[in-house]
1. Regarding LYS102, is this residue modelled with pLDDT of 95 or more, of a type in the set (Lys, Arg) and under 30 Å from VAL21 (Cβ atoms)?
2. Can you find a residue in the range 32-50 that is under 24 Å from ALA139 (Cα atoms) and touching a residue at least 60 places away in the same chain (Cβ under 8 Å)?
3. For GLN95, only one of the following conditions fails: (1) under 16 Å from the mean Cα position of the chain (by Cα); (2) closer than 19 Å to GLY42 by Cα; (3) among the polar types (S, T, N, Q). What is its number?
4. For the range 38-69: of the residues being under 16 Å from the mean Cα position of the chain (by Cα) and over 20 Å from ASP96 (Cβ atoms), which is modelled with the lowest pLDDT?
5. Would the range 112-125 turn up any residue that is modelled with pLDDT of 95 or more and among the polar types (S, T, N, Q)?
6. Inside the range 100-121, can you point out the residues that are closer than 18 Å to THR40 by Cα and without any contact (Cβ under 8 Å) to a residue 24 or more places away in the chain?
7. Taking strands (runs of 3 or more DSSP E) that fall entirely within the range 32-146, which contain at least 1 residues that are among the aromatic types (Phe, Trp, Tyr)?
8. Given the criteria among the acidic types (Asp, Glu), under 20 Å from VAL122 (Cβ atoms) and surrounded by 14 or more Cβ atoms within 10 Å (Cβ to Cβ), does ASP58 qualify?
Amino acid sequence: MSTTLIIILVVMALVVMFITVNYFRMKNAKPVETSKKIITLGNKNFKLALKKEVLLVDFWAPWCGPCKIIAPTLNEIAETETHIVVGKVNVDYNQDLARKYKVRNIPTMLIFKNGAEVGRIVGVKTKKAILNEVRSAVAVSGKPDV
């Protein structure tokens, strides 16, 4: 065998091993404790929550690895950003809400201002990226409150 082929096989084996280890690490990650400032939303209280001036709603599921990754960021936003109300919708129990808002992938975060959807964030983002999206979505929809 040539040296190049051996190097390629070793690199491929390392990549497969890296992906496998990270998959099981993410799959077995412990759920993050939800901040007390995050509202658990469902069919019964979703309309009431929409009355908040700025609402960031995370559509998630307990089995979703990326949802586990973004949970600490949402906790931090809920704790530090007093002008943003953060809510979470478990798509396993609230499929009709996910369907109504056309949530196809999780995590998906919807940004509402005065009851109207003004923005959408799909996937894992940093705190800074989420806050920038919220600010720009709220500013585009009217007076910048955030």
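The values are calculated or read from the model by the stated rules, or taken from the named source; none is laboratory data. What you are looking at is a predicted structure, and each value in this text was computed from that prediction instead of being measured. With ideal geometry, Cβ positions are generated from the backbone for all residues, glycine too; neighbour counts draw on all protein chains shown.
1. Numbers: modelled with pLDDT of 95 or more: yes; of a type in the set (Lys, Arg): yes; under 30 Å from VAL21 (Cβ atoms): no.
For LYS102, the condition - modelled with pLDDT of 95 or more, of a type in the set (Lys, Arg) and under 30 Å from VAL21 (Cβ atoms) - is not met.
2. yes
3. GLN95 satisfies all of (1) under 16 Å from the mean Cα position of the chain (by Cα); (2) closer than 19 Å to GLY42 by Cα; (3) among the polar types (S, T, N, Q) except (1).
4. First, the residues of the range 38-69 that are under 16 Å from the mean Cα position of the chain (by Cα): 38-41, 55-69.
Retained after the next criterion (residues that are over 20 Å from ASP96 (Cβ atoms)): 38, 56, 65-66, 68-69.
Numbers: ILE38: 95, LEU56: 97, GLY65: 85, PRO66: 90, LYS68: 90, ILE69: 90.
Per the criteria, the residue is GLY65.
5. For the range 112-125, residues modelled with pLDDT of 95 or more and among the polar types (S, T, N, Q): absent.
6. Residue satisfying the conditions is LYS100 alone.
7. Working: elements: 39-41, 54-60, 85-90, 108-113, 116-122.
The qualifying strands (runs of 3 or more DSSP E) are 54-60, 108-113.
8. Numbers: among the acidic types (Asp, Glu): yes; under 20 Å from VAL122 (Cβ atoms): yes; surrounded by 14 or more Cβ atoms within 10 Å (Cβ to Cβ): yes.
Taking the combined requirement at face value, the residue satisfies it.
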